[in-house]
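Input: a single structure, listed below in structure tokens.
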Amino acid sequence: MSNPKTELKNISKFLSYVLRHCPEDIDLDLDSEGWACISELISKAQPKIQLTQSLIVEVVSTSDKQRFKISDDGLKIRANQGHSIKVDLNLTLQEPPAALYHGTATRFLDSILDKGLISGKRHHVHLSTDIATAIAVGQRYGKPTILKVNSASMFKQGYKFYISDNNVWLVDNVPPKYLSLENKK
Ligand code: HQG
């Protein structure tokens, strides 16, 4: 039997998968803004994973990174960011702090310093205001390296920055000239 913490983590991973990447896997309808009806989600997930309204609420409220949001009427849920499918999150343009950070694996560094940061399958490149978050993100793929992004200069040049509901900074791409290695100061 799984313990409650593992169960919540499994549910969180499942929600990330269907709400960010593959709703069709359970034939779930997302609207243009990425919202799914919670009752439909529960019934369509049934063959794969047992969900209840209260388990979903618990996952949303305990998510370390506030990955999901429940609508004000309590009927719908969506992921705050990280999608690979097309959704309109109504992100608002914002002036970023002077510097932002991106954690990556050391083995990606040559390619990144050559091509810049690219969004890949996701909609945007993900950046954080603090180095600790960047380290945590980077070490998912191996030995982490931290890149400092000269966001002030990018903003002056007209690059559009957005902030998600869970405080992840998002930008389309970061050319190499705005990047420096944080750990080689
Ligand atoms: C790398 C997680 C080679 C990039 C995290 C990253 C975050 C390049 C990987 C969120 C490259 C993409 C996003 C280039 C970028 N050449 N590699 N030119 N440009 N990369 O997972 O930023 O738990 O799609 O450095 O915590 O790592 O899902 O993006 O290593 O917040 O909520 O390509 O996902 O949040 O990987 O992570 P990802 P990410 P969740």
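Read the figures in this text as sums done on the coordinates, not as results from a lab. Computed from a prediction, not measured in an experiment: that's the story for all the values here. Here Cβ is always computed from backbone atoms with ideal geometry, including for glycine, and neighbour counts include all displayed protein chains.
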Förster-model FRET efficiency, 30 Å R0, LYS177 and LYS121, C-beta, rounded to 0.05 = 0.75
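How much length is gained on full extension from GLU58 to ASP114, taking 0.36 nm per residue of separation minus their Cα-Cα distance? Before the final figure, lay out the partial values.
Working: separation 56, 0.36 × 56 = 20.16 nm, distance 4.26 nm.
That works out to 15.9 nm of additional length.
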Rounded to the nearest Å, what's the spacing between the alpha carbon centres of region 106-172 and region 9-49? Just the number, please.
-> 27
FRET efficiency for GLN139 and LYS13, using Cβ-Cβ distance with R0 set to 22 Å, rounded to 0.05 = 0.80
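Just how many pairs of Lys in region 4-79 have C-alpha atoms closer than 13 Å, counting pairs that are eight or more places apart or on different chains?
Values: LYS5/LYS13; LYS9/LYS65; LYS13/LYS48; LYS13/LYS65.
Lysine pairs, 8 or more places apart or on different chains, close enough: 4.
Note down the magnitude of the dipole of region 100-181 about its Cα centre, charges +1 on Lys and Arg C-beta and -1 on Asp and Glu C-beta and zero elsewhere, to the nearest 20 debye. Could you put the intermediate results ahead of the total?
On the way: 10 positive and 5 negative charges, 29 e Å.
It works out to roughly 140 debye.
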Under 16 Å from LYS143, Cα to Cα: lysines that are on another chain or at least 8 residues apart = LYS184
Once Lys and Arg get +1 and Asp and Glu get -1 on their Cβ, which of ILE70, GLN94, LEU28 lies farthest toward the positive end of the dipole of the chain?
-> GLN94
Inter-label distance for ASN90 and SER43, nm, one decimal - labels placed 7 Å from Cα along Cα-to-Cβ | 2.7
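Given Cβ point charges of +1 (Lys, Arg) and -1 (Asp, Glu) and nothing else, what value in debye, to the nearest 20, does the dipole of region 4-79 about its Cα centre take?
Numbers: 11 positive and 12 negative charges, 86 e Å.
Value, rounded to 20: 420 debye.
May I ask you to compute the full-extension gain from LYS5 to GLN66, defined as 0.36 nm times their residue separation minus their alpha-carbon distance, rounded to one decimal in nm? The partial results should precede the final answer.
Details: separation 61, 0.36 × 61 = 21.96 nm, distance 1.61 nm.
Residue separation times 0.36 nm, minus the Cα-Cα distance, leaves 20.4 nm.
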Mean residue ellipticity at 222 nm from the helices of the chain, using -39,500 (n - 2.57) per DSSP H segment of n ≥ 4 over the full residue count, to the nearest 500 deg cm²/dmol?
-> -8000 deg cm²/dmol
When a/c is below 1.5 the answer is rounded, else prolate if a/b is larger than b/c, else oblate, so apply that to region 100-181 with a ≥ b ≥ c taken from the square roots of the Cα gyration tensor eigenvalues.
-> oblate
